[in-house]
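This report concerns only the one structure given below.
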């Protein structure tokens, strides 16, 4: 697969990390108000309702969805049922620093999954790009003080982030595999809705288990309503649309490096909320992450 990185593709792959950074902030803010797996289910249920008027035809028997149900069941499991549920769960049981640090392994997972399961050859420039990109993330996380990284201790919640990152890597590679009915592939709303049909089943099943096995409660109010509106429209619909288009254009390996922009944007958002001015290390991190993207996307 030819991998090209144009300005429009770079913009698409940058919008998703911005929205996902906000998703992490919002998920952390409401983690005591709504159970994490339930938050994921409510998010996708609302996104499904918003997309339904745009692509209801995909539910018809002759749409091609049901002939390809295995593909969409897997995409729905990985991208809808697991990924954000695991991240929300991690935000409840681990620290934001640990969650972001572990999630920075995304480019490595993309390279590894591509090489092991999809026949993708790993080039030296991609390995160098991974090193530069992760170094940029570490600069942000360390806030210029490397002793902070030495004090990090992994906890069980970090396992959820590793599982989420692995699920996202497989999901991204599956996006570029053939198997979609032409009509569904040509309609972005239909493509997302096809995944949500099965993803809602998975996330609903997981949420039911959460309520059956834990003392789950929802504290309804405007914070929960506002959070649901954001995570359903921004990180769910808009981000997934941009990410899907970007992956199809540039390929999962190149796209994986853009996911490392998420902690950088999250750091900037935190600085904005705390009324703190950006520091020099933010600029250094940005240059390293962008450098990793540029190096990895160059043609051999």
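The values are calculated or read from the model by the stated rules, or taken from the named source; none is laboratory data. This structure is a prediction, so every number in the text was calculated from the model and none was measured. Note: ideal-geometry Cβ built from the backbone for every residue, glycine included; neighbour counts use all protein chains shown.
In the set 78, 39, 59, only one residue is surrounded by fewer than 17 Cβ atoms within 10 Å (Cβ to Cβ) and in contact (Cβ under 8 Å) with a residue 40 or more places away in the chain; that residue is 59.
Only a single item in (1) modelled with pLDDT under 95; (2) part of a helix (DSSP H, G or I) is not met by residue 1, and it is number (2). Residues in region 206-217 that are in contact (Cβ under 8 Å) with a residue 40 or more places away in the chain and either in a helix (DSSP H, G or I) or in contact with a helix residue (DSSP H, G or I) (Cβ under 7 Å, 6 or more places away or on another chain) (or both): 6 in all. One residue alone among 173, 202 is closer than 14 Å to residue 78 by Cβ, over 15 Å from the mean Cα position of the chain (by Cα) and either surrounded by 24 or more Cβ atoms within 10 Å (Cβ to Cβ) or at pLDDT 85 or above (or both), and that residue is 202.
So which residues in region 62-75 are in contact (Cβ under 8 Å) with a residue 24 or more places away in the chain and assigned to a helix (DSSP H, G or I), if there are any at all?
69, 71, 72, 73, 74, 75
Determine if region 231-238 includes at least one residue that is surrounded by 14 or more Cβ atoms within 10 Å (Cβ to Cβ) and part of a loop (DSSP other than H, G, I, E, B). For region 231-238, residues surrounded by 14 or more Cβ atoms within 10 Å (Cβ to Cβ) and part of a loop (DSSP other than H, G, I, E, B): absent. Is one or more of the residues making up region 132-145 surrounded by 15 or more Cβ atoms within 10 Å (Cβ to Cβ) and closer than 30 Å to residue 65 by Cα? No, region 132-145 contains no residue that is surrounded by 15 or more Cβ atoms within 10 Å (Cβ to Cβ) and closer than 30 Å to residue 65 by Cα. Evaluate region 183-196: report whether one residue or more is in contact with a helix residue (DSSP H, G or I) (Cβ under 7 Å, 6 or more places away or on another chain), surrounded by fewer than 20 Cβ atoms within 10 Å (Cβ to Cβ), in contact (Cβ under 8 Å) with a residue 12 or more places away in the chain and not in a helix (DSSP H, G or I). Checked against the condition, which is being in contact with a helix residue (DSSP H, G or I) (Cβ under 7 Å, 6 or more places away or on another chain), surrounded by fewer than 20 Cβ atoms within 10 Å (Cβ to Cβ), in contact (Cβ under 8 Å) with a residue 12 or more places away in the chain and not in a helix (DSSP H, G or I), region 183-196 yields at least one hit. For residue 119, which of the numbered conditions (1) free of Cβ contacts under 8 Å to residues at least 12 places away in the same chain; (2) over 20 Å from residue 84 (Cα atoms); (3) assigned to a helix (DSSP H, G or I) fails to hold? With (1) free of Cβ contacts under 8 Å to residues at least 12 places away in the same chain; (2) over 20 Å from residue 84 (Cα atoms); (3) assigned to a helix (DSSP H, G or I) applied to residue 119, the lone miss is (3). Answer yes or no: is there a residue in region 106-115 that is within 19 Å of residue 284 (Cβ to Cβ), part of a loop (DSSP other than H, G, I, E, B) and modelled with pLDDT under 80. Taking every residue of region 106-115 in turn, none turns out to be within 19 Å of residue 284 (Cβ to Cβ), part of a loop (DSSP other than H, G, I, E, B) and modelled with pLDDT under 80.
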